[in-house]
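Encoded as structure tokens, the structure appears first; notes follow it.
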Amino acid sequence: MSPYALSMLMSSLAVGTIVTLSSHHWFLAWMGLEINTLAIIPLMTKMHHPRATESATKYFLTQATASALILFSTTINAWMTGEWTIMNMTNPTPTVILTLALAIKLGIAPFHLWLPDVLQGLNMLTCLILSTWQKLAPMALMMLTSHQLNTSLLIAMALMSTIIGGWGGLNQTQMRKIMAYSSIAHLGWMILVISFAPNLALLNLLIYLVLTSSMFLMLMTLNSTNTNKLSISWLKTPTLAASMMVTLMALGGLPPTSGFLPKWLILQEMTKQHLGALSALMAMSALLSLFFYIRLSYTISMTSPPNISNSSLTWRKKKNLTYVIPILIIMSATMMPITPTLLLLN
């Protein structure tokens, strides 16, 4: 792809998200989402492979359906209230339709089936954009309307997402599908708490962005697309392979890594809301995700010994992102000490 075309598409992605984040009018927010969708489609199809074309088609159809539902729900709301303001979603019918539309856009269960298939047909960089940047605009709209959304519907979708996200990743060998199911499970934790404490949902989103970005960048550096390639990562970069184990434990939510922080605070908030049984179910469903993260750590550390390769070729990657990856790894592992500060901000 031409550098000029690539820069234009990346600029359009940024503009679409910023337009949605800064808008107070539903039509402007919808326009930002459409710019976002149309900008990423050419990035998906730049590989000129049938799987990439299939992924782009599936993504376009699901996002177009979600956009139509958003426009439909906001039009009904404007017809009933006489306002297009984002914060004014008072009628239950358009609110439920909007919740379902944003769930389709984000890939929350039971509207998650497109996400693993779409990610599997793309290269790692586009998967990174789709798993991180493309979540910002729909999640911002969900946070803006969180005080008016149906709490029971959000809780049901959150529980379903964490269970399906953990269950679906158990039998996978492809890293992109594993990261897709990981994304579904993390989104479940975010929408669980979004009605009760939107600031915790925002914290969870920020930590999810850091962990997912560091994981995808490490997979790009090691050129690992499945568990077999991951098992020989020791032979390429032992330090990076060890760091990936820490990031995997953070994704699973083990203390003292950063991934434990949002889960702990969300479960604490749920118990304050007298939802003890739901907290227990969410904690047990997190064990499903933790299992396949531990399985990946086992694959990295114990399947292949850390010895010198007999190959005459030197396995070295280009040194782009050399400074970005260490920063993200440090943030993935060491955000627990700032917990008292974050609690004071609440």
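In this simple spin-label model, placing a label point 7 Å from the Cα along the Cα-to-Cβ direction at both Leu206 and Thr57 gives a separation of 4.2 nm.
Rounded to the nearest 20, the size of the Cβ-charge dipole of the chain about its Cα centre is 1020 debye, with Lys and Arg at +1 and Asp and Glu at -1.
Which shape class applies to the chain: rounded if a/c is under 1.5, otherwise prolate when a/b exceeds b/c and oblate if not, where a ≥ b ≥ c are the square roots of the Cα gyration tensor eigenvalues? Oblate, because a/c is 1.5 or more while a/b does not exceed b/c.
The string of couplings for segment 218-235 from the Karplus curve (6.51, -1.76, 1.60, θ = phi - 60°) is 5, 5, 5, 5, 7, 6, 9, 10, 9, 5, 5, 5, 5, 5, 9, 5, 4, 6 Hz, one whole number per residue in order, with x for Gly and Pro. For the pair Leu254 and Met31, the difference between a 0.36 nm per residue extended length and the Cα-Cα distance amounts to 76.3 nm. Exceedance of the 22 Å cut-off in Cα-Cα distance is limited, within the set Lys105/Lys229; Lys58/Lys177; Lys135/Lys263; Lys229/Lys263, to Lys105/Lys229; Lys229/Lys263.
Where only DSSP H runs of four or more residues are counted, the chain gives -24000 deg cm²/dmol as its mean residue ellipticity at 222 nm, each run worth -39500 (n - 2.57).
Sequence-ordered 3J(HN,Hα) estimates for segment 75-90 from the Karplus curve with 6.51, -1.76 and 1.60 and θ = phi - 60° stand at 5, 4, 5, 5, 5, 7, 9, x, 10, 9, 5, 5, 6, 10, 10, 8 Hz, glycine and proline given as x.
In the context of the full set of protein chains, residues of the chain present 44 Å² of accessible surface per residue (probe radius 1.4 Å, heavy atoms only).
The label point for Asn123 and the one for Trp264, both projected 7 Å from the Cα toward the Cβ, are 4.0 nm apart. Per-atom-type breakdown for the chain gives carbon and sulfur 70% of the accessible area (1.4 Å probe, protein chains only).
The values are calculated or read from the model by the stated rules, or taken from the named source; none is laboratory data. Bear in mind that the values here come from a model prediction, so they are computed numbers and not experimental data. Virtual Cβ from ideal backbone geometry, glycine too; neighbours counted across all protein chains shown. Quick note on the areas: whole protein, heavy atoms, side chains included, nothing else; ligands and nucleic acids left out. Shrake-Rupley method; radii C 1.70, N 1.55, O 1.52, S 1.80 Å.
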